[in-house]
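Please treat every number below as a calculation from the coordinates, not as lab data. Just so it is clear, the structure is predicted and the values come from calculations on it, not from any experiment. All Cβ positions, glycine included, derive from the backbone under ideal geometry; neighbour counts span all protein chains shown.
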Amino acid sequence: MTSHRAILAACLSSSALLALPAPLLAADADAEAAETDAPDGIVITGTRPAYRGAFEPLDVPQAEQVIGPQQLRDINALDLNAALDLSASVARQNNFGGLWNAFAVRGFVGDENLPSNYLVNGFNAGRGFAGPRDLSGIEAVEILKGPRAALFGRGEPGGTINLVTKRPKFESAGEIRLLAGSFETYRADADVQTTLGDAIGVRFVGFYEDAGSFRDTVESERYGFMPSVAVKLGDATRVVYELEYARQEIPFDRGVVAVNGALGVIPRSRFLGEPGEGPNIAEVLGHQIELQHDFSDNWSALVGVNYRDTSLQGTSTEAELTGSRQRLLRDGRTLTRQRRFRDYDATYFVARAELAGNFTTGNVTHRVLIGADTDRFENDQVFLRVRAPSLASNPTEQQLQAIDIFNPVYGRFPLPTPTPLTNRVEVQKATGIYGQYQISIAETVELRVGGRYDDYDQRLTDRAAAGRVTRTGENRFSPQVGAVWHATPELSVYATYGENFRPLSGADFAGNAFDPNQSKSIEGGIKYAAANGRLTATATVFSIQQGNILVSDPVNAGFTLAGGEARSRGFEFDLNGEIAEGLDLWVSYAYVDAEVENDVADPDFGKLIRAGDPLLNIPEHTLNIQLAYSTRIAERAVRLGGGVLHVSERLGEVGTTFELPDYTLARLFAETEVTEGVRLRLDIDNLFDTTWYSNSFSQLWVQPGTPRNVRVTASFAF
C-alpha cells in the first residue's frame, strides 16, 4: 500500500505543473461549448454526443434527466451510486459484496450475475469487472429513460445510463481537491488541463483514496487516472483520445443478516466474513478514440473505437443461502458460511460510425441520424467454491465454517481450499445498423420514427464440461415511434412506443440457448423549459411489459428456462433549475408499481413466486429534493444547501414477505471561498444518523447504509 500511495501522490502533485495560471475552476466549467474560438482563424465545433443528434429537450419524445457538473458538486458525489440516488427512477440493487454497480431503472434490472450496464460517451462500459465506478473523470450523468434499443441496441427496457467524461476544452485551468472524512477516509483528486500550441488540448484527471469504513475490519484503497488529448485537424475536424486506468482493492462484504426476518438484531457495523481473506482486486484499462468531422453547419459524422480490459480476482467467506445447510435458520445464532474464489476477466471492443444532420423543404424540417456499429464482448470466468454439507449429516462447526453472529471470532478455523465449480468463457458478437428520422410539421408537431437491426451471435464454451460449446444466433429489429406537440414555446406534450431486447446467457436442460429477454414500452408526458433555459420540468407516465425472464425449470431441477413475465408502470416528476436569483432546486419523484405477472419459481433457489408479487429491491415511492443557494458573505462567495432522500419499503427476498424498511436521509453542505482560488467545504451526510438498508438479495445478504458521515474538502484552483 505504501508504494501505491507514493506513486499516486507523485502523479497528482506533478500534474499541477502542467497547468498555466487561470482564474477558472475546472470542475465548475460548463459542458463543452458548441463552438470554441481559437487562434489563427480555427473554429472547432464541440464534440457531438453519440446516438443523439441535435435536439432540444422539448423536441425529444422521451424523458431524460441530466445530472450536470453543478449537481454533482453540490452533493460532492464521489461514486456512481451517489449520483444515481438523485434520480428517483433509479433503484439500488444487489452490488455483489460491494464489487460493482447494480441498479434498476423504472423497476427493471439486468443480469444479476453481472454489473449493470452503462455507457460512457455512448460506448458500452458497464460490462466487465472494473469495480464500482468512480466519478473523478465524469462531467455529467445522463439518465435516458425508456427503451433505447432503436439506437443503442440490446439493453434494458427501463432506461440507459450514460456518463459524459471530462475532455480537454482548449484552455489552461486546474483544480486539486483534498478530502478527509469519517471512518478514516482520505482522498485526493486532480483535474488539470492546458494547451500545446494552437491545436492540441491536454487534460489529466486522477484520484487516490484510502478509506476505512463503518464496517468492522473493512477498508479499501482505490486509485486511477484518466488522461485525454484533443487535436484539431482543421477548421471542422477533431480527434479525441481518452485513456482510463483504475485499480481498486475492496474486501468482499455481503453485509448483515436478518434473524427470523428481523433486522437490527446485530450492529450494522458487524462484518460476517473473514478479514484474513484480504481484498478482492478489480482493475480496468480502457482506450477510447473519436473523430468528428463537420461537413457544414447542419451535417456531421462521428467515428469511434473503444476497447476495455477488466479483471476481478479474490476470495471471500460469505453466508450460505441454502436452507438445508444454514444453521442460523435453526438456532438463530450460528451462521453457516461458504468460501469462494473468483478469477474473472472481460474484454470489450466496439467500433461505430454515424452521420447526423438536418435539412428543410419549404417550412418542414427533417432531422436524420443513421449509423452502424459492431462489438465483441468476451467474459471469462473461473469460480471455485467449498461449502458445508447438509445439516442432516450433523457437520462440525469447522465444516460449517461457522461464525457466531453475536460474538464473532475471526480466524477460528483454517480457511478451506475451494474446489472447481465454474470454468467457462462466453463470447458475444453483434453488428447493428440503425436510423432515426424526425420531421417537424407546421412548427408545432414533430413525428419520430426509428429502428435498429441487430445480428447477434453468442458462443459459450464450458471448459468444466470437456469444452462443451453452446452457440446461438439472433436477428432482431427494434422499432420506436414517437410524437411531440409544442403547445407553447415553453411547453410540449409527447408520447412514444418502443421495443427492446436483451440476450440471455447460458442454455436450458436440452442445451438450447434461451430466447432473448423482450419488452414493450409506452410512455407519455409533458415537458417544460423556461425561455432562459434555467428551469426545466418533466411529468411522465409509463408502462413496460417484459417477457422471457429466466426462471427455474419446474421439471428439470437445477436448470432454468426463459418463461417469466413482469410489468412495471408508474409516474415520474423531475424538476431542475434556478427558481429565484441564486437559488437552485432539484426535485425527482417516482411512483413505480413493478410486479411479476405469472406464477414461477426463482432461478436461484426454486422459491415459488406468485403473480402479483413485487420485484426485488424496487420501492413504490422515491423522492429526492436538493436545494442550494449562492450568495456572498463578507465579500466571499458562499454556497449553502442540503437535501432529503426518501425511499419506501421494498421486497428484500423473492418468494417471501421479507421487506427492507423505508428510510429518509437528510444532508447539509456549505462551501466558501477563503481566498482567490481556495475553497473550503463541509458535507454532513445522513444528518440524523438514520439506520437504513440500501439493498438485499436475501435475508442473509443485506447491505446496511452508512451512518452519519462528515467530510471536509479543500480545493485549490489555478
### Query
Check ILE618: other-chain or 5+ apart residues with amide H under 5 Å from its amide H, H built from backbone geometry?
LEU651
### Query
From the phi of every residue in the range 154-166, what ³J(HN,Hα) in whole Hz does the Karplus formula 6.51 cos²θ - 1.76 cosθ + 1.60 yield, where θ is phi - 60° and glycine or proline is x?
3, x, 8, x, x, x, 10, 9, 10, 9, 9, 7, 7
### Query
How far is helix 2-15 tilted off the main Cα axis of the chain, in degrees rounded to 10, range 0 to 90?
10 degrees
### Query
Packing-wise, with mean Cβ within 10 Å as the measure, how do 65-77, 660-672 rank, highest first?
65-77, 660-672
### Placed amide H near ILE403: partners under 5 Å, 5+ positions off or other chain
LEU335
### Message
List the residues, sorted by chain then number, that are 5 or more residues from LEU233 or on another chain and whose placed amide H is less than 5 Å from its amide H.
### Response
ARG238, VAL239
### In the chain, lysine pairs closer than 30 Å at Cα, eight or more apart or cross-chain
11
### Query
For the range 253-258, in order, what is each residue's ³J(HN,Hα) by Karplus, 6.51 cos²θ - 1.76 cosθ + 1.60 with θ = phi - 60°, in whole Hz (x at glycine and Pro)?
9, 7, x, 10, 10, 9
### Query
Suppose every K and R has +1 on its Cβ and every D and E has -1 on its Cβ; what is the size of the dipole of the range 385-525 about the Cα centre, in Debye to the nearest 20?
740 debye
### Query
For the modelled label position 7 Å from the Cα of LEU415 along Cα-to-Cβ, which residues of the range 332-367 have backbone nitrogen atoms closer than 14 Å?
338-343
### Summary
Other residues with Cβ under 11 Å from the Cβ of ARG333 give, with Lys and Arg +1 and Asp and Glu -1, a net charge of 0
### Task
Could you go through the range 708-715 in sequence order and give the Karplus-derived ³J(HN,Hα) for each residue, using 6.51 cos²θ - 1.76 cosθ + 1.60 with θ = phi - 60°, rounded to whole Hz, and x for Gly and Pro?
3, 9, 10, 10, 10, 10, 10, 10
